[in-house]
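One structure below.
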There are 2 protein chains.
Amino acid sequence: MRQLRGHEDIRLPLASGSRRIHGSVARDLGVAILSGRYAPGDVLPGEIEFSEQLKVSRTAYREAIRILSAKGLVESRPRTGTRVSQRSRWNLLDPDILAWTFESEPSEAFIRDLFELRMIVEPAAAALAAARRSGVDLARMGHSLEEMGRHGLSTDDGRAADQAFHTAILEAARNGPLIALSSSIAAAVTWTTIFKHRRQSLPRNPMPDHRALYEAIVAGDPEAARRTMTELVRLALADTELALRP
Amino acid sequence: MRQLRGHEDIRLPLASGSRRIHGSVARDLGVAILSGRYAPGDVLPGEIEFSEQLKVSRTAYREAIRILSAKGLVESRPRTGTRVSQRSRWNLLDPDILAWTFESEPSEAFIRDLFELRMIVEPAAAALAAARRSGVDLARMGHSLEEMGRHGLSTDDGRAADQAFHTAILEAARNGPLIALSSSIAAAVTWTTIFKHRRQSLPRNPMPDHRALYEAIVAGDPEAARRTMTELVRLALADTELALRP
DNA sequence: AGATCGAAAAGATCTAACCTATTTGTATTA
DNA sequence: TAATACAAATAGGTTAGATCTTTTCGATCT
């Protein structure tokens, strides 16, 4: 039985950050599932046994399971227990799931799939943005672009400006679900980009491409915006593949 | 204080189906948030007060909140309480969120956004499917199409076959995230379709379009597949708009 | 007066112990 | 043999209370 004494630090039962306990457990189990350590169809140990094993209360464990279940990773029923769901039920585009996936080096196939999806969605978003952008949108994009040019992509400020530029484009497309989709993918992929730039300094100047995209949106030319965004994603993919195969 | 006596049925504290209590509470609150009854920024009553109000234990209530929080609808912190998140943090493409949204007559703008996204994604998926389909994929599509022709879209069997046809196409595209995206959108939109067919019998024969799509995929012609799928989504949108404005 | 530190309060967070409901396999019975 | 009743396993749900975090507010010191 677990003893609670003041002199030992029991606040981090699992290797985790400053999250709450249920969040830590959810993350750890989520990563374990996404990395394949628990496979679809596997039955987890019973609530009591597993929560004791993890050194958390049953309540905290159950809240963690609720989180995973909300994201489609597990399903639990009385008598049967809690089992890992089939991959087709996972909400692969959930921001947390993407984050957890990238926490343990995702498969190349998955990264390719994500870029394929970006290649479908982002050019279309750029085209919509070119058709619908307001003056405020253009100002935001212009400002971000300027910041980006000043700091370069090797600094945190520069990358933040890059993000802001792309976010501004997305929001100019005026489509909630599309924004939700693209932003979570972009955020996830950005981490590999950071990782990438750590190994090799950036291989080419990204500014001309970004400026061309901006010009197309200013001009209100959807097809030009689509073309330039396609090119941007293609280059990002090329960079990422280069980083994955050093 | 709450009394538990045997002679009253307390199994459905909220108007709900056969879900577990935490699921019912999550659904009810989720619908309330998505329909705008609780607005972003609103602070929910404290755990104790709210759970008593809902006639459930604090534990069940907390598990419900974990579910909503996992989907980005709410955020809770000590001292501040639990508040409804900004709309930009909602996981609009989560299957449950879509379901809850369609439970209380979504806005026309939202439906338009969804079709816009379908129009972007599904033709691209069809093109990929045409390039990558295997013999097994073709067999599944062919069989579904046959079933669909036999039963017609006004029967449950026919609609199931239609679903199976589209699912087979998606899976032939061999892209996990793309499948997750399209299938949840399609499922949500299908409900409006069912609703639609209840009012008016189907306005035209959908089989020729479906067959053309099938032929393009059999022929391995991505561009033809893209064109025909675009047409299919366009018609679905037209039907839906007709149903929304009777 | 202003800055700094500490105590208090409010809320979620976490624990523990216990009871209930659901499901499914199995033995019993018609 | 088929329907039915029982039993066991497991998640689901309740309660009461202790703990941790964060913010606010006030007292003290400069």
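Each value in this text was obtained by applying a stated rule to the coordinates, not by laboratory testing. None of these values were measured; they are calculated from a predicted model. Ideal geometry is used to build each Cβ from the backbone, glycine not excepted, and the neighbour counts take in all protein chains shown.
Entry note, segment A:105-244: relative contact order of 37 percent, from Cα contacts under 8 Å with a spacing of 6+ residues. Dipole orientation for the protein assembly as shown: of the candidates A:Met207, B:Asn91, A:Phe50, A:Phe50 has the Cα lying most toward the positive pole (charges on Cβ; Lys, Arg +1; Asp, Glu -1).
Panel order for B:Val25, A:Val121, A:Val56, by other beta carbons found within 10 Å of each beta carbon, from fewest to most: A:Val56, A:Val121, B:Val25. For B:Val43, the distances from its label point to the matching points in the remaining copies are 4.6 nm, ordered from shortest, with each point set 7 Å beyond Cα toward Cβ.
Computed from the C-alpha gyration tensor, the three semi-axes of the ellipsoid equivalent to segment B:21-89 are 17, 13, 11 Å, from longest to shortest. Taken as entire DSSP H runs, the helices of chain A that both span 20 Å or more between Cα atoms along their own long axis and average 0.0 or more on the Kyte-Doolittle scale are A:108-132, A:176-199, A:222-244.
Relative intensity of segment B:100-246 on a log10 scale, I(q)/I(0) at q = 0.21 Å⁻¹, equals -1.43, per a Debye sum over C-alpha point scatterers of equal strength in the absence of solvent. Going from the fewest other Cβ atoms within 10 Å to the most, the residues B:Ile65, B:Ile179 appear in the order B:Ile179, B:Ile65. Given +1 at the Cβ of Lys and Arg, -1 at the Cβ of Asp and Glu and no other charges, the dipole of segment B:105-244 around its Cα centre is 80 debye to the nearest 20.
For peptide A:82-91, the mean count of partner chain Cβ atoms within 10 Å of a residue's Cβ comes to 3.
Take the Cα of B:Asp42, step 7 Å toward its Cβ, do the same at A:Arg79, and the gap between the two points is 3.9 nm. Along the charge dipole of the protein assembly as shown, which of A:Ser107, B:Pro123, A:Ala32 sits closest to the positive end, that is, farthest toward it, with unit charges on the beta carbon of Lys, Arg, Asp and Glu (+1, +1, -1, -1)? Of the candidates, A:Ala32 comes out farthest on the positive side. For chain A, the Kirkwood hydrodynamic radius from C-alpha pairs, put into Stokes-Einstein at 37 °C and a viscosity of 0.692 mPa s, yields a diffusion coefficient of 162 µm² per second.
Placing a label point 7 Å from the Cα of B:Glu49 along the Cα-to-Cβ line, the residues of segment B:73-91 whose backbone N sits under 15 Å from it are B:79-84. Neighbour counts of C-beta atoms inside 10 Å place B:Val84, A:Val74 in the sequence B:Val84, A:Val74, starting with the fewest. For the protein assembly as shown, the convex hull spanned by the alpha carbon atoms encloses 198 Å³ per residue.
Be a star and scan segment B:123-153 for residues whose amide nitrogen sits under 13 Å from the point 7 Å along the Cα-to-Cβ vector of B:Val218. Answer for this model: B:138-146.
Note on A:Arg234 and B:Arg58: the model spin-label points, each 7 Å out from Cα along the C-beta direction, lie 6.0 nm apart. Taking every residue in B:169-175 and counting other chain Cβ atoms within 10 Å of its Cβ, the average works out to 2.
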